[in-house]
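Before any comments, here is the structure.
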Amino acid sequence: MKKNNAEVAIACHNINKIYQTGDIFTQVLYNISFEIKRGEFVAITGPSGSGKSTIMHIIGALDSPSSGSYYLDGQDVSQLSDDELADIRKNKIGFVFQSFNLLKRTTVLRNVMLPLVYAEAPVENRLALASKALLAAGLEEDRWAHLSNQLSGGQMQRVAIARALVNNPAIILADEPTGNLDTKTGEIVLDTFRRLNKEEGHTIILITHEADVAKHADRIIYIKDGHLVE
């Protein structure tokens, strides 16, 4: 089933999430509803244990709600098969994580090209696409041949951003992307997200528990104890 609204990229309607361990049921999300329009820069924030990581996993097609519906580009994601969810993660959403998740003894270029291998992109196009993504992420060209473990934290995060961009997804989902960075370097990374949003038109969803980081977004969605507060 599809819902037609060209402006809405993401629509969550009455999302509940319950985890079961043996005979124990733990509810972590309660009737969460919100929409994110195409081209928005939105922060989802709240204290540790608030449920923001769970909603991130649902938005990223890494988990499914126990009830309620989640629409991505008008498509009800909660009804898709595992293969269809994998296609969404591969083609529509770019992920950036706090811990970078780079291959340590692999060059910057090869790290960025890895999603293109999984997507079976033509071999002759991979270098050009990776180079374009690295330039968009703001990493200096003289670092591209370095191994990822030879880079600073800020440089590694920009490689991670480039890797998220390389398949040209409409949505960038960033989970605590400044968590392992000092304040100055974090500001540079956040400026990169803003530029990608304003100049490239990417929808940016920033997951953070830090109020100062959330303020970089144009809109803030606040979750506390599994409930949408504002």
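The values are calculated or read from the model by the stated rules, or taken from the named source; none is laboratory data. What you see is a predicted model; the values in this text were computed from it and never measured. Quick reminder, even Gly has a Cβ in these numbers, built from the backbone with ideal geometry, and neighbours come from all protein chains shown.
With respect to Asp76, is the statement that it is in contact with a Lys or Arg (Cβ under 9 Å, 6 or more places away or on another chain), charged (D, E, K, R) and over 16 Å from Gly94 (Cα atoms) true? Against the criterion (in contact with a Lys or Arg (Cβ under 9 Å, 6 or more places away or on another chain), charged (D, E, K, R) and over 16 Å from Gly94 (Cα atoms)), Asp76 qualifies. I'd like to verify a number: residues in the range 10-32 that are touching a Gly at 6+ places or on another chain (Cβ under 8 Å) and either closer than 21 Å to Gln75 by Cα or aliphatic (A, V, I, L, M) (or both), how many? Total meeting the criteria: 10.
Summed over the range 57-79, residues that are farther than 22 Å from Glu7 by Cβ and not small (Gly, Ala, Ser) total 5.
Looking at the range 25-32, can you tell me whether even one residue there is exposed (fewer than 15 other Cβ atoms within 10 Å of the Cβ) and touching a helix residue (DSSP H, G or I) at 6+ places or on another chain (Cβ under 8 Å)? Lay out the reasoning, then the answer.
Going through the range 25-32, the residues exposed (fewer than 15 other Cβ atoms within 10 Å of the Cβ) turn out to be 25-27, 31.
Going one step further and asking which of them are touching a helix residue (DSSP H, G or I) at 6+ places or on another chain (Cβ under 8 Å), we end up with none.
No, the range 25-32 contains no residue that is exposed (fewer than 15 other Cβ atoms within 10 Å of the Cβ) and touching a helix residue (DSSP H, G or I) at 6+ places or on another chain (Cβ under 8 Å).
For beta carbons closer than 9 Å, sequence separation of 6+ or different chains, a first residue in the range 43-56 that is more than 19 Å from Tyr71 (Cα to Cα) and a second that is outside any strand (DSSP E or B) and basic (Lys, Arg), the qualifying pairs are Thr45/Lys52; Gly46/Lys52. Surrounded by fewer than 16 Cβ atoms within 10 Å (Cβ to Cβ) and of a type in the set (Val, Ile, Thr): does that describe Thr54? In short, no. For Lys52, the conditions (1) within 17 Å of the chain's Cα centre (by Cα); (2) under 22 Å from Thr185 (Cβ atoms); (3) basic (Lys, Arg) are fulfilled apart from (2). For the range 45-82, the set of residues classified as within 24 Å of Leu116 (Cα to Cα) and in a strand (DSSP E or B) consists of Leu72 only.
Working carefully through the options Leu85, Leu139, find the one that is free of Cβ contacts under 8 Å to residues at least 60 places away in the same chain, closer than 21 Å to Asn167 by Cβ and assigned to a loop (DSSP other than H, G, I, E, B).
Numbers: Leu85 fails: assigned to a loop (DSSP other than H, G, I, E, B).
Leu139 is the lone residue from the list that is free of Cβ contacts under 8 Å to residues at least 60 places away in the same chain, closer than 21 Å to Asn167 by Cβ and assigned to a loop (DSSP other than H, G, I, E, B).
If the condition is being out of contact with any helix residue (DSSP H, G or I) (no Cβ under 7 Å at 6 or more places or on another chain) and either touching a residue at least 40 places away in the same chain (Cβ under 8 Å) or buried (at least 21 other Cβ atoms within 10 Å of the Cβ) (or both), then the range 142-168 contributes Leu147, Asn149, Ala160, Ala164. When we screen Lys198, Lys224, Lys184 for residues that are surrounded by fewer than 20 Cβ atoms within 10 Å (Cβ to Cβ), closer than 22 Å to Val8 by Cα and not small (Gly, Ala, Ser), the only hit is Lys198. On the stretch given as the range 70-102, residues that are closer than 21 Å to Val189 by Cβ and surrounded by 14 or more Cβ atoms within 10 Å (Cβ to Cβ) total 8. Among the residues of the range 179-199, those that are out of contact with any Asp or Glu (no Cβ under 9 Å at 6 or more places or on another chain) and among the hydroxyl-bearing types (Ser, Thr, Tyr) comprise Thr185, Thr192. Of everything in the range 3-40 that is in contact with a Lys or Arg (Cβ under 7 Å, 6 or more places away or on another chain) and of a type in the set (Val, Ile, Thr), the residue that is modelled with the highest pLDDT is Val28.
Of everything in the range 166-189, what is small (Gly, Ala, Ser) and more than 10 Å from the chain's Cα centre (by Cα)? Give them in sequence order. Give the steps one after another, and end with the answer.
Of the range 166-189, the ones small (Gly, Ala, Ser) are 170, 174, 179, 186.
Answer for the range 166-189, where residues must be small (Gly, Ala, Ser) and more than 10 Å from the chain's Cα centre (by Cα): Ala170, Gly179, Gly186.
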